[in-house]
Amino acid sequence: MSIPQLLTVIAMLLHMAGILAAMHAVMNTRTPQGAFAWALGLTLLPYVTLIPYLFLGRRRFSGYVTLHRAHRQRLSDATLRDGHTDIPPACSQYTALVQMLNANFHPGQQLKLLIDGDATFEAILGAIAKAERCILVQFFIIHDDALGRRVQKALLERAAAGVQIFVLFDGIGSHALPKHYVETLQKGGVAIHPFATQRRSNRFQLNFRNHRKIVVVDGWLGFVGGLNVGDEYLGLKPPLAPWRDTHLQLSGPAVIDLQRSFAVDWHWVTGELPPILPTRPAQGSAYSLIAAMGPADPQETCSLFFTAAINAARERLWISSPYFVPDQSVVSALRLAVMRGVDVRVLLPSRPDHHTVFLASSLHAYDATNAGIRLFRYQPGFVHQKVLLVDNDTASVGSANLDNRSFRLNFEITALNVDSYFAKDVEQMLLEDFSKAVEITRDEYRKASYLRRLAMHVARLFDPIL
């Protein structure tokens, strides 16, 4: 067979494979937009799209879904309810979220806002050093750098003192974590495993990552937010430094739901359950709802979480997110909030950490400004916090971004808190952030070069996988 004939056969086989993959995409992709984009690309350009589809196109992982739903329900019914099932009047605007998430608003939370990496890891490492019984740790990214080794050392010291320690890290997010880092912890008595949605390793699966950041110490003190374990989160790695981020420390009954989320993921990975410890009596004034969301849920819980929170706003809605690639339901909710007279502001980075996402985000920002939504770019460094402030009484801190990856592809966790005192703290923090930001105008798009504007529109075509 001559070379031209061989190339023709290869091209035909690729197109046949592309058609089969396109049929799979039409049947299995979560959204019509995503199905259309994959089907078009796989049919017309299989040479370019077949390999990315192997990594990004799969949407089902039935084993995890079945266990996740059954196990969450069993834990909720049998051991992890505190007997409080009524929705407090102060939280009634979030009734739909309570029903969707099968979770409670827990009263009496003590909350502490942790601004940036130094404050966050001073609090986390301080809590670990005082642990007496059990430590649960879950991060999307763990690096073997100065901060990563500080965390490793702290865990080894408590393990040597007889504390039970359980660590989860995402297999893709922490792909650069060396084997010796994990083995050192294991030899020191720390139970540590990578998370994956398939128990059998699948090197072709880049979607469905566990983006949650959870630390629970002795069952009563919890941490959740946007920071991972790495020197960049302390602002030590230019050009994104200084790194702006936010975490939340909480104690009270809601910490049991952080344990529940961790327990479900741990049981999937290992087939075993970590200890579920009782929380301490409520001492604070906040109501907190732990929203553990992800693609194993029956509905698109993360997108609906944002939509419900936005719809609850009557006076003010301030959001900080590193990415602004909202889906249609969130965009519509933001536009309706503006029409209700709500003060809608969104804080975004001025520097990209992912160029394609930044380009798509810039085009969405232009459309949003045309709808009356005010957007700002934080100037000192990269802003990575995932914070939402609603009116004068509600604020959330967590791991979820305003993008499709968080809405539909990642496992996320966020604490939604109803408390005027905590909301005031968040307000003061965001006012400081907005004072260091520049408002986005239509000129950001209009004065960009033609090629850059074209790049923005091309980047937005990839919204379903960004």
Here the residues within the range 433-455 that are in a helix (DSSP H, G or I) and exposed (fewer than 11 other Cβ atoms within 10 Å of the Cβ) are Ser435, Asp443, Arg446, Tyr450, Leu451
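Residue-wise test of (1) crowded, with 17+ Cβ neighbours inside 10 Å; (2) over 20 Å from Leu416 (Cα atoms); (3) β-branched (Val, Ile, Thr); (4) at pLDDT below 90.
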residue	(1), (2), (3), (4)
Ser251	yes, no, no, no
Val255	yes, no, yes, no
Gln259	yes, no, no, no
Thr270	no, yes, yes, no
Leu273	no, yes, no, no
Gln283	no, no, no, yes
Tyr287	yes, no, no, no
Ile290	yes, no, yes, no
Test set (1) surrounded by fewer than 22 Cβ atoms within 10 Å (Cβ to Cβ); (2) at pLDDT 95 or above; (3) out of contact with any strand residue (DSSP E or B) (no Cβ under 7 Å at 6 or more places or on another chain) - Asn401 fails condition number
(1)
Sort through Leu430, Leu416 and tell me the only one that's part of a strand (DSSP E or B) and touching a strand residue (DSSP E or B) at 6+ places or on another chain (Cβ under 7 Å).
Leu416
Quick one: would you say Leu227 is surrounded by fewer than 24 Cβ atoms within 10 Å (Cβ to Cβ) and in the same structural domain as Arg280 (by TED's automatic domain parsing)?
no
I need every pair where a residue in the range 191-202 that is farther than 20 Å from His143 by Cβ and part of a loop (DSSP other than H, G, I, E, B) has its Cβ under 9 Å from the Cβ of a residue that is at pLDDT 60 or above and of a type in the set (S, T, N, Q), sequence separation at least 6 or different chains.
Thr197/Asn207; Thr197/Asn210
Examine the range 325-346 for a residue that is within 30 Å of His193 (Cα to Cα) and touching a residue at least 40 places away in the same chain (Cβ under 8 Å), and state whether such a residue exists.
no
How many of the residues in the range 227-250 are within 17 Å of Lys213 (Cβ to Cβ) and not in a helix (DSSP H, G or I)?
12
Within the set of pairs 6+ apart or on separate chains, which have a first residue in the range 261-288 that is within 17 Å of Leu248 (Cβ to Cβ), a second that is at pLDDT below 90, and C-beta atoms under 9 Å apart?
Ser261/Arg72; Thr279/Asp82
Here the residues within the range 230-244 that are under 25 Å from Leu168 (Cα atoms) and either surrounded by fewer than 23 Cβ atoms within 10 Å (Cβ to Cβ) or of a type outside the set (D, E, K, R) (or both) are Gly230, Asp231, Glu232, Tyr233, Leu234, Gly235, Leu236, Lys237, Trp243
Please list, ordered by first then second residue, the pairs with beta carbon atoms under 7 Å, 6 or more apart or interchain, first in the range 44-55 and on the phi < 0 side of the Ramachandran plot, second among the aromatic types (Phe, Trp, Tyr).
Tyr53/Trp38; Leu54/Phe204; Phe55/Phe204
Given the structure, is Phe306 touching a residue at least 24 places away in the same chain (Cβ under 8 Å), crowded, with 18+ Cβ neighbours inside 10 Å and more than 21 Å from Ala415 (Cβ to Cβ)?
no
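The values are calculated or read from the model by the stated rules, or taken from the named source; none is laboratory data. No experiment lies behind these values; they were computed from the predicted model shown. Glycine also receives a Cβ, built like all others from the backbone with ideal geometry; neighbour counts cover every protein chain displayed.
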